[in-house]
Amino acid sequence: MSFNAKRPMSRREVLKWGTVGAMGIFGGSLLNPTSWFSKTAKAMDKHELHSTLQQQKHAMMAHGYDPGTDKTKGLEAAILALTQFDYGKVSTREDGRTVREYELVAIDTEVEIAKGIKFPGWTFNGTIPGPTIRCTEGDIVRIKFWNGSMHPHTIHFHGIHPTNMDGIEPVPSGTEFTYEFEAKPAGMHIYHCHIPPLAKHIHKGLYGNFIIDPKKPRQTAHELSMVMNGFDLDLDGENEIYTVNGYAFAYQAAPIQVKVGQLVRIYLSNLTEFDLINSFHLHANFFKYYEVGADPDARPVLTDTVMQCQGQRGIMEMVFPEPGKYMFHAHQSEFAELGWLGFFEAKA
């Protein structure tokens, strides 16, 4: 395959060159595709560059991509996102209703999405995905939203609420708006910006999980929050990197620690833009899948693979029967090879 530094690289070419080589080359600026290769191209002639890439490609094919174990800021953020639930500031109204107050700020900032790769994101509270908001059905949810971005934004919550709280009216840059509604129905939901063009506002990172627990508590479990997403590095409408919680190969570099025999519950959503579906596949085990998860007593689907379109979400529950490393990944091989792959490490 010939190399042209002036031509944008598609995600399929990333796979052909090899993820190791591609990620090493991408490096710094993402807004100018030619800058991905400028440093390497200046340091090597065309023959040397082609030779180096071919060596990296063959190394990946022989041994797989090794993301290393360096605790970068992006990796640390992805690890934190698994178990960090924002329950808000809690108070009680005069009528006895529980009120939960949250603060979300829209910020334009660079976010590390793989080692050495930063994405020019539009974020809630500086991370992609944004904070996982959590409450209980019947709570009064009050979200103070400050738009510190250069662009108008909103927060649209999935669920049932008054139409004037639906998050479709723009909040201009430098202003604030308070969303307030009763949390319902119970289940696994999401929130995201709803300003046109939606594809751009969602793809740039303005989304997160929104969990409404049922009044009857679910069975105690080790709980995890996962948001499937993708990143279009050269703005051509195709993603070059896929992740869970915003960092490529995060849980390959740092496998998720679980205990043998312990119930594990995952709140899974798909906010991937530019692809019709995303998916989750678990190796060497099965899980129970509750679509949206509104009814904890509902009959689940027993499977090892689930597909979600954008905005779809559900709850997975699993028990790991014996010690070992259980791989999980998107069952679109292309997505897995471009970052959406990890491991659970079960220990006795």
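The values are calculated or read from the model by the stated rules, or taken from the named source; none is laboratory data. Since the structure is predicted, the reported quantities are computational estimates derived from the model, not experimental observations. Glycine also receives a Cβ, built like all others from the backbone with ideal geometry; neighbour counts cover every protein chain displayed. Side chains included, ligands, DNA and RNA excluded: accessible areas come from the protein's heavy atoms. Shrake-Rupley method; radii C 1.70, N 1.55, O 1.52, S 1.80 Å.
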A 27 angstrom limit on the alpha carbon distance is what I want to check against. Which of Lys115/Lys144; Lys215/Lys288; Lys204/Lys325; Lys144/Lys259; Lys115/Lys288 exceed it? Lys115/Lys144; Lys204/Lys325; Lys144/Lys259; Lys115/Lys288
Region 199-347 - accessible surface per residue (Å², probe 1.4 Å): 36
Quick check: from the Cα gyration tensor, does region 258-348 come out rounded (a/c under 1.5), prolate or oblate? oblate
How long is the gain from Thr303 to Val260 if the chain were fully straight, where each residue apart is worth 0.36 nm and the alpha carbon distance is subtracted? 13.6 nm
Expressed to one decimal in nm², the mean projection of the alpha carbon convex hull of region 117-248 is 8.7
Express the carbon and sulfur contribution to the solvent-accessible surface of region 82-182 as a percent, rounded to the nearest whole number, probe 1.4 angstrom. 51
Theoretical gain in end-to-end length, Lys325 to Thr175 [0.36 nm per residue, Cα-Cα removed]: 49.2 nm
If you roll a 1.4 Å probe over region 210-348 with all protein chains in place, what percent of the accessible area is carbon or sulfur? 55
How far apart, in nm, are the 7 Å Cα→Cβ label points at Lys215 and Val292? 1.9
Can you give me the Kirkwood hydrodynamic radius for region 194-272, using every pair of distinct Cα atoms, in Å to one decimal? 14.8
Given an 8 Å cut-off on Cα distances and at least 6 residues of separation, report the relative contact order of region 67-137 as a percent. 31
Reported to the nearest 10 Å², Asp95 has, with a 1.4 Å probe, an accessible area equal to 100
Considering the Cα trace of region 80-139, what is its radius of gyration and what is Dmax, both in angstroms? 15.4, 52
Please give the solvent-accessible surface of Val258 in Å², to the nearest 10, using a probe radius of 1.4 Å with every protein chain present. 10
If you take the square roots of the eigenvalues of the alpha-carbon gyration tensor of region 276-329 and sort them as a ≥ b ≥ c, do you get rounded (a/c under 1.5), prolate (a/b over b/c) or oblate? oblate
Percentage of Cα-Cα pair distances in region 172-304 greater than 25 Å, rounded to whole percent? 38
Rounded to the nearest 20 debye, dipole of region 81-208 from Cβ charges on Lys, Arg, Asp, Glu: 340
